[in-house]
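Heads up, the thing below is written out as structure tokens.
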Amino acid sequence: MGTTATIAEFIVDAKASDFPLGSDKKAIKVIVDTFAVILAGVSSEVAEPLQRYLDAAREPGASPILGTGLTATAETAALINATYGHALDYDDVLSIMPAHPSAVIIATLMASMNGRVVSGKDFIEAYIIGVEVGGKIGLGITNEHYQRGYHATGTLALFSGLAALSRLHGLDAPTIQQAMGIAGSMASGLRRNFGTMTKPLHSGLAARSALGAVRLAIAGFTAAPDIMEAEAGFFSTLGTAASDPDITARGLGKPFVIDNPGIAVKKFPCCYATHRPIDGVLTLRERLGFDAASVDKVICRMPPGGMRVLTYPRPTTGLEGKFSLPYSIAAAALDGNFSLWSFGDEAVRRPDIAALYERIDAHETNACRGNDPDFEKRSSGSRGFVEVEVHLKDGRQDKVRVDVAPGAPARELTWSEVQEKFMDCAKQASRISDAKATSAFAALKALDQAEDVTRITALLH
């Protein structure tokens, strides 16, 4: 059996009883976080152009766009919700893809539920299957897919959304194969667009394409049933010599991605590759009790490839700031904390920030590679380790090594931290009151007990 067929059969046949113990609780935490960042995206830079896009379309529809009170067709709602979810780069990270699958999955599932009762357990189950399929495709195609310039959120998370949707709606394996074949010609997303509005649009396009591919397959549209493994198919075209679809086929459910390696929930609203440096600066700031004026220099040593996606040494916009290591270090030294405001245009353009750039030395070094045999398989934000060293004008100095970013599976955010993030994000959608946000958080935290997920989404509409 080929890889495409094996994936389709897995989506149909995988049993919830085979999921690792506690996987539902792990999934719920990421799902709660994903609803939060979608709401936060309502006030992001992408909001106005997306509203103009929606107005121009003039499409009647009943699928909710969270935090807005607006509705649209299912595919448009999937596009907008998923774009909102990735707009602030505050959404989860799955290092083995490497991508941000959850906004795609959640937006796709929400768009498909109009008029349908979906239990929390079924929603969670579909989510876990979606994460598994996308993660294992990422493992098989290898990190070199990303290194070539593809943004895996657009290219691979599309299949996460497709798998979750197929599972939720009980599609048979042949139909799923056709949907995957269709999706293979929809998959796209280029890293060159990092630092622009089109980066989060990759998430939106993936969600819309996942929904569209499934709908077309159900309607009888045909495609290659072996899209993953065939010559001139997905792996051979978008992969490299190291890519192997058999790794995907053999790896499904062995182990489940939700459990191992798990999914990182972000503590900071910026590129994951900056999170360990930020954590290092904040740790030393607290340890030494310094302010920005007392800093003589900051040295940040990164592992090879750790700065690959951090392409803006002197950012001029908030979007660019999310992909700037010097800005992230400078803001950590100056402010001692991070908020959604930290990555707005006003914050990035502060003269006090610019004054710090000349005192920052950030570079890659083999010394930060570590001894991990899977180094090349890991994303920029999780490979090797990061070392941050601060020298103060009074002669004091200190350094810290950061192996794991806060929010990573080995350093999970607490439920208290997730709730704080949820409430802060919900405030960005002005129509969502604190009372509604509190009720929605409680309902989402108990998602496995929910009889109908749409009752929860209605609170956040």
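Only the coordinates and a few stated rules stand behind these numbers; no lab work does. Since the structure is predicted, the reported quantities are computational estimates derived from the model, not experimental observations. Positions of Cβ are backbone-derived with ideal geometry, glycine not excepted, and every protein chain shown enters the neighbour counts.
Summary table
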item	result
Along each principal axis, Cα extent of region 64-186, largest first, Å	41, 36, 27
Helix-only mean residue ellipticity at 222 nm for the chain, each DSSP H run of n ≥ 4 adding -39500 (n - 2.57), per residue, nearest 500	-14500 deg cm²/dmol
Student exercise, region 1-147 dipole from Lys, Arg, Asp, Glu Cβ charges, in Debye to nearest 20	260
DSSP bridge orientation in the chain - percent antiparallel, rounded to nearest 5	80
Charge context of LEU168, other residues only, Cβ under 12 angstrom, K/R +1, D/E -1	+1
DSSP-loop chymotrypsin sites (Phe, Trp or Tyr not before Pro) across region 214-257, with at most 14 other Cβ within 10 angstrom	PHE221
Rounded to the nearest 20 debye, dipole of the chain from Cβ charges on Lys, Arg, Asp, Glu	480
Value of Rg/Rh across region 339-407 [Cα atoms, Kirkwood radius]	1.05
Computed over region 130-194, Kirkwood Rh from alpha-carbon pairs, angstrom	12.2
In sequence order, calculated HN-Hα J values of region 222-239 (Karplus, 6.51, -1.76, 1.60; Hz; x Gly/Pro)	10, 7, 5, x, 10, 4, 6, 9, 6, 4, 6, x, 5, 5, 5, 8, 9, x
Simple label model, 7 Å out from Cα along Cβ direction - ASP345 to THR317, nm	0.9
Net length gained if the chain between GLU420 and LEU70 were fully extended (0.36 nm per residue, minus Cα distance)	123.4 nm
Distant-in-sequence amide H partners of ASP398 (H built 1.01 Å from N, under 5 Å)	VAL390
Charged-residue dipole, Cβ positions (Lys, Arg, Asp, Glu), region 193-339 about Cα centre, Debye nearest 20	360
Amide hydrogen neighbours beyond the local backbone of LEU70, cut-off 5 Å, H modeled	ILE65
Per residue convex hull volume, Cα atoms of region 272-406, in Å³	95
All-pairs alpha carbon distance profile, region 106-263, 10 Å steps from 0, percent	12, 41, 38, 9, 0
For TYR150, distant residues with modelled amide H under 5 Å away	ARG191
Sparsely packed trypsin sites (Lys or Arg not before Pro) within region 92-191, loop by DSSP, other Cβ within 10 Å at most 14	ARG116, ARG148
Cα gyration tensor shape of region 334-376, rounded if a/c is under 1.5, else prolate or oblate by comparing a/b with b/c	prolate
Region 213-221 - phi-based ³J(HN,Hα) in whole Hz, Karplus 6.51/-1.76/1.60, Gly and Pro as x	4, 5, 5, 5, 5, 4, 6, x, 5
Share of alpha-carbon pairs per 20 Å distance bin for the chain, given as whole %	27, 57, 15, 0
Residue (of PHE375, ALA362, ILE141) at the positive-pole extreme of the chain, dipole from beta-carbon charges	ALA362
Whole-angstrom gap from region 156-183 to region 1-51, using each part's C-alpha centre	13
Region 329-371 versus region 75-126: alpha-carbon centroid distance in Å	30
Added length on full extension, which subtracts the Cα-Cα distance from 0.36 nm per residue, SER294 to ASP361	22.5 nm
J(HN,Hα) series, region 7-12, from Karplus relation 6.51 cos²θ - 1.76 cosθ + 1.60, nearest Hz, glycine and proline x	4, 4, 5, 4, 4, 6
Per-pair calculated FRET efficiency, R0 = 60 Å: ASP394 and ASP18 via Cβ, rounded to 0.05	0.55
Farthest toward positive dipole pole in the chain [+1 Lys/Arg, -1 Asp/Glu at C-beta], among LEU340, GLY384, SER23	LEU340
Computed lengthening from LYS25 to SER119, 0.36 nm per intervening residue step minus Cα-Cα distance	32.3 nm
Distance (nanometres) between label positions extended 7 Å along Cα→Cβ at VAL404 and ARG308	2.3
